[in-house]
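*Asks:* One structure follows; several queries about it will come next.
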Amino acid sequence: MTSASETTLHIRVNLILIRKNMLNGVQKTILLVVVLLLSIPFIEMLDGNGEMKWTSFDFLIAFVLLASFGFILEKVIRSIKSTGIRVAVLGLLILMFVLFWAELAVGIFNSPMAGD
């Protein structure tokens with residue numbers, strides 16, 4: 001039987017190991033690509049011509065959407081083995097993402113979350 005201090009030590013060691021390995025190489029690459037993509041509108045805003053008017057909330061929403069989309073695509077690619085089903089699911093996900101992004105950007109469906 002293990003003591004409470006040994007159990008606590010094992011839990012702490014496991015949490016440290018989980019934190020170190022939270023993201024694999026593909027997921028780190030996805031986050032890097034998302035940051036690089038978001039640097040494009042950020043640099044455009046620094047230009048000062050006034051065409052880009054993103055707030056920090058806009059960048060946060062874009063980061064969450066792009067990172068989530070990348071992680072979902074990675075999960076689908078890794079988990080679905082049938083090529084036909086994988087292509088169909090990826091196509092559907094890409095279509096849904098593009099429609100959602102367009103709705104947030106310009107409001108093609110005139111929903112309450114539509115952009116300008």
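*Asks:* What's the number of the condition residue 30 fails, among (1) under 30 Å from residue 106 (Cα atoms); (2) part of a helix (DSSP H, G or I); (3) modelled with pLDDT under 90; (4) of a type outside the set (Asp, Glu)?
*Replies:* The failed condition is (3).
*Asks:* Is it true that residue 52 is among the hydrophobic types (A, V, I, L, M, F, W, C), out of contact with any strand residue (DSSP E or B) (no Cβ under 9 Å at 6 or more places or on another chain), part of a loop (DSSP other than H, G, I, E, B) and at pLDDT 75 or above?
*Replies:* Considered against the rule, which asks whether it is among the hydrophobic types (A, V, I, L, M, F, W, C), out of contact with any strand residue (DSSP E or B) (no Cβ under 9 Å at 6 or more places or on another chain), part of a loop (DSSP other than H, G, I, E, B) and at pLDDT 75 or above, residue 52 comes out as yes.
*Asks:* I need the full set of residues from region 56-71 which are in contact with a Phe, Trp or Tyr (Cβ under 9 Å, 6 or more places away or on another chain) and either farther than 10 Å from residue 34 by Cβ or not in a helix (DSSP H, G or I) (or both), in order please.
*Replies:* The answer is 59, and nothing else.
*Asks:* So, one more: What number of residues in region 55-68 are surrounded by 15 or more Cβ atoms within 10 Å (Cβ to Cβ) and modelled with pLDDT under 90?
*Replies:* Here the count works out to 1.
*Asks:* Follow-up. For region 89-104, enumerate the residues that are in contact with a helix residue (DSSP H, G or I) (Cβ under 6 Å, 6 or more places away or on another chain) and in contact (Cβ under 8 Å) with a residue 24 or more places away in the chain.
*Replies:* 97
*Asks:* Could you grab me the full set of residues in region 43-54 that are surrounded by fewer than 13 Cβ atoms within 10 Å (Cβ to Cβ) and among the hydrophobic types (A, V, I, L, M, F, W, C)?
*Replies:* The answer is 43, 46.
*Asks:* Look through region 72-116, keep the residues that are part of a loop (DSSP other than H, G, I, E, B) and of a type in the set (S, T, N, Q), and return whichever of them is farthest from residue 36 (Cα to Cα).
*Replies:* Among residues in region 72-116 that are part of a loop (DSSP other than H, G, I, E, B) and of a type in the set (S, T, N, Q), the one farthest from residue 36 (Cα to Cα) is 82.
The values are calculated or read from the model by the stated rules, or taken from the named source; none is laboratory data. Note that the coordinates shown come from a computational prediction; the quantities given were computed from them, not determined experimentally. Cβ: placed from backbone, ideal geometry, glycine included. Neighbour counts: every protein chain shown.
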